[in-house]
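Below: the structure, in structure tokens.
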Amino acid sequence: MSWSSKRKFEYAGVAILVILVPVVLAGYGYFHRTPTCFDGSQNGDEQGTDCGGSCLKLCDFQTIPPILRWQRFSRVSAGLYNALAYVENSNQVAGIRSISYLFKLYDEDGVIIAKREGTTYLPPKKISPIFEGAIDTGQRTAVRVTFEFTEDYAWEKYSTKEPNVSLTNKVATSTESVPRLDVRAENLSSARIPHVDFIAVIYDEKGNAMAFSSTAVDKMDPNMPQNLVFTWREPFLSPVSKIEVIPRIDF
């Protein structure tokens with residue numbers, strides 16, 4: 001091969017490389033994308049499709065479904081009822097940020113006379129009382145209530161520690177006329193809690209929940225006690241044997 005032909009061959013080779021390298025790199029980038037937790041494929045260190053491993057979302061087989069311990073309703077006044085579902089999430093680090101639910105109230109003939117939908121959250125290692133107040137049945141009498149979650153569980157890892165709220169001095173008064181419950185609440189954490197819902201559950205002598213109510217606090221500053229007040233329109237049907245107040249904090 002002459003010197004001139006050799007040079008032309010070298011130039012052609014360089015030109016081909018200049019064209020091929022970007023094409024190869026582009027193809028590699030297309031077919032070898034960096035694994036993410038949102039690409040619809042099980043890759044990287046995932047233990048399922050976009051779940052487990054370093055992903056925030058957990059796979060279903062890594063979690064235990066929430067347990068519905070009980071559901072109850074209580075009369076507020078004629079045609080108005082409160083409803084409560086007592087749900088336990090026993091997972092140590094898995095919680096649900098948002099899930100839809102449905103309460104149904106039935107009359108003595110098994111006919112649905114009222115429905116109430118809502119959304120809630122389920123932190124790990126917690127009892128989560130899910131409360132709906134003043135459900136209107138149009139003067140019809142409720143005899144039964146059901147509760148269900150209406151969408152699939154979307155479990156996530158919770159890494160934030162729950163704020164510490166102290167609840168003391170639970171005093172129920174006027175239980176045979178217009179009941180009232182006073183409770184002392186205090187934020188024992190080092191930071192302000194922006195919002196807290198408190199659910200009060202009143203139990204009768206047989207250990208059954210006979211009344212419940214809810215109140216909210218917009219903010220709780222550290223070491224600043226606050227008085228919570230829960231009220232009911234009608235007297236309790238039985239003597240009070242136990243008072244439970246549970247803070248609901250989406251931490």
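FYI, it's all coordinate maths here, none of it is from the lab. None of these values were measured; they are calculated from a predicted model. All Cβ positions, glycine included, derive from the backbone under ideal geometry; neighbour counts span all protein chains shown.
Observations on the model:
- Extreme residue, nearest to LYS125 (Cα to Cα), among residues of region 83-112 that are of a type in the set (Val, Ile, Thr) and not in a strand (DSSP E or B): VAL93
- Region 69-98, residues that are crowded, with 18+ Cβ neighbours inside 10 Å and within 11 Å of the chain's Cα centre (by Cα): VAL87, ASN89, ALA94, GLY95, ILE96
- Checking each residue in region 223-248 for being part of a loop (DSSP other than H, G, I, E, B) and surrounded by 18 or more Cβ atoms within 10 Å (Cβ to Cβ) picks out TRP232, PHE236.
- Test: residue in region 209-217 that is of a type outside the set (A, V, I, L, M, F, W, C) and assigned to a loop (DSSP other than H, G, I, E, B): no
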